[in-house]
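Visitor: Here it is, the structure in full.
The values are calculated or read from the model by the stated rules, or taken from the named source; none is laboratory data. Bear in mind that the values here come from a model prediction, so they are computed numbers and not experimental data. Cβ sites come from the backbone with ideal geometry, for glycine too, and all protein chains shown count toward neighbours. Keep in mind that these areas ignore ligands, DNA and RNA; they rest on the heavy atoms of the full protein, side chains included. Shrake-Rupley method; radii C 1.70, N 1.55, O 1.52, S 1.80 Å.
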Amino acid sequence: MGEIMQQLPATLIGRIFPEDRIVIGLRVCRWLREDLMNHAQSIVFKFSADFSQKHHVTAKRICEDLTRFPHLPPVSIMPSERFDQQGPQRLGDLLVAGMEQARSCGLGASLQLLDLSRLSINQAGAQQIALVLQECKSLTSLNLHESSVGEEGIERIATALAKCPLLSVLDLGHNNLGDEGLTGLARSIGECKALTHLDLSQNEIGCKGAGSLSEVLFECTSLAYLDLHQNKIGGEGARSLGGMLTECTALTLLNLAANQLGDAGAERLAGGFFGCSALLELDVSDNGIGGRGALAVVGGLRNCTQLRVLKLGGGGGDELRDRDRMPRARARAGS
């Protein structure tokens with residue numbers, strides 16, 4: 001196979017592998033060697049719910065082979081499918097050994113995307129992830145959504161995040177981080193200057209956590225997507241977020257649905273929208289916002305001339321999609 005690959009032009013390789021990547025799963029081509037690697041622009045490791053110890057041994061050998069190449073292309077690790085109820089636990093049990101193997105083989109330096117969402121990550125797994133992240137200078141995306149990280153696990157991972165200067169996508173939604181977990185995480189988020197996408201939804205974040213986050217997010221000048229839905233930010237937490245939002249000039253989507261804001265919280269947020277001139281979508285539904293709060297929100301959006309979606313009502317039912325309707329609502333807010 002090596003001799004054949006040497007005779008193939010790069011254009012033909014591009015047709016055989018149209019996405020310019022090699023997907024390595026359970027079915028591994030034995031002829032994966034240096035000739036083919038020279039044409040690969042990225043490598044994707046995919047694992048499935050039936051991943052077993054036998055497969056882990058195979059993955060270990062692949063890792064060892066890959067580290068022999070002097071110019072290893074970017075590497076991604078992600079699930080190939082969504083799992084049943086037992087799948088996350090089985091994979092979570094193997095996570096420690098898998099991350100340890102990736103670290104020992106030096107794959108961390110080439111890792112760009114790490115998706116371990118919906119797995120059961122225990123404390124030992126969080127520790128191994130943290131050790132890998134310390135070497136991930138090229139990491140751009142980390143997805144640990146619904147991975148049972150918890151407060152103790154996030155404390156270990158948060159310290160390592162500061163070592164990922166290129167991180168642009170961070171998804172830690174649905175992990176029960178709480179205010180204490182977010183306080184430590186916030187400091188590391190402030191170091192991620194390239195961050196554009198942040199998901200901290202469903203994390204039991206209250207007023208204290210919102211305050212910690214607000215103190216650092218203004219440093220993430222490229223932040224375009226912020227999802228904090230279904231937390232417990234409340235009216236006082238909204239005050240902190242409102243002050244931070246004035247600096248978020250690149251923000252295009254903000255989701256604060258189901259956060260117990262009420263009219264008072266809506267009014268405190270409204271002043272911050274003045275700086276969000278790039279905002280395209282705002283969701284503050286399911287917050288018990290009445291007429292007074294709704295008028296405050298709409299009035300605060302007067303500078304958001306590109307706004308396409310505004311969700312104010314319960315369940316996202318009251319939705320404004322036509323920008324031409326916005327001036328009339330603003331006029332009423334100013335009367």
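Visitor: Note down the accessible area of Thr159, probe 1.4 Å, to the nearest 10 Å².
Guide: 90
Visitor: Given the whole protein assembly as supplied and a 1.4 Å probe, what does the accessible area of Lys163 come to in Å², nearest 10?
Guide: 90
Visitor: Give the relative contact order (percent, whole number) for the stretch 134-188; include only Cα pairs under 8 Å separated by 6+ residues.
Guide: 50
Visitor: At a 1.4 Å probe radius, which order do Arg292, Arg268 fall into by accessible area, largest first?
Guide: Solvent-accessible surface, decreasing: Arg292, Arg268.
Visitor: Considering only Cα-Cα distances, which of the following residue pairs are longer than 32 Å: Lys163/Lys311; Lys163/Lys232; Lys137/Lys232?
Guide: Lys163/Lys311; Lys137/Lys232
Visitor: What's the long-distance tail for the stretch 236-312, i.e. % of Cα pairs beyond 19 Å?
Guide: Tail fraction, whole percent: 21.
Visitor: Using a 1.4 angstrom probe, figure out how much accessible area the stretch 144-252 has per residue, in square angstrom, rounded to the nearest whole.
Guide: Per residue, the stretch 144-252 has an accessible area of 36 Å².
Visitor: What ranking of Phe218, Phe274 comes out by heavy-atom accessible area, probe 1.4 Å, highest first?
Guide: Sorted descending by solvent-accessible area, the residues read Phe274, Phe218.
Visitor: Another question, if that's okay. Calculate one ³J(HN,Hα) per residue across the stretch 122-130 by plugging θ = phi - 60° into the Karplus curve 6.51 cos²θ - 1.76 cosθ + 1.60, and present them in order as whole Hz with x for glycine and proline.
Guide: Each residue of the stretch 122-130 in turn: 8, 5, 5, x, 4, 5, 5, 4, 4 Hz.
Visitor: Moving on. Please state the relative contact order of the stretch 219-308 as a whole percent: Cα pairs under 8 Å, 6+ residues apart?
Guide: Once normalised by length, the contact order is 31 percent.
Visitor: Once label points are set 7 Å from the Cα along Cα→Cβ at both Glu215 and Lys193, what is their separation, rounded to one decimal in nm?
Guide: 2.1
Visitor: Need one value: the accessible area of Glu219 in square angstrom, 1.4 angstrom probe, rounded to the nearest 10.
Guide: The accessible area of Glu219 comes to roughly 70 Å².
Visitor: Ordering Asp286, Asp227 from largest to smallest accessible area (1.4 angstrom probe), what's the sequence?
Guide: Asp286, Asp227
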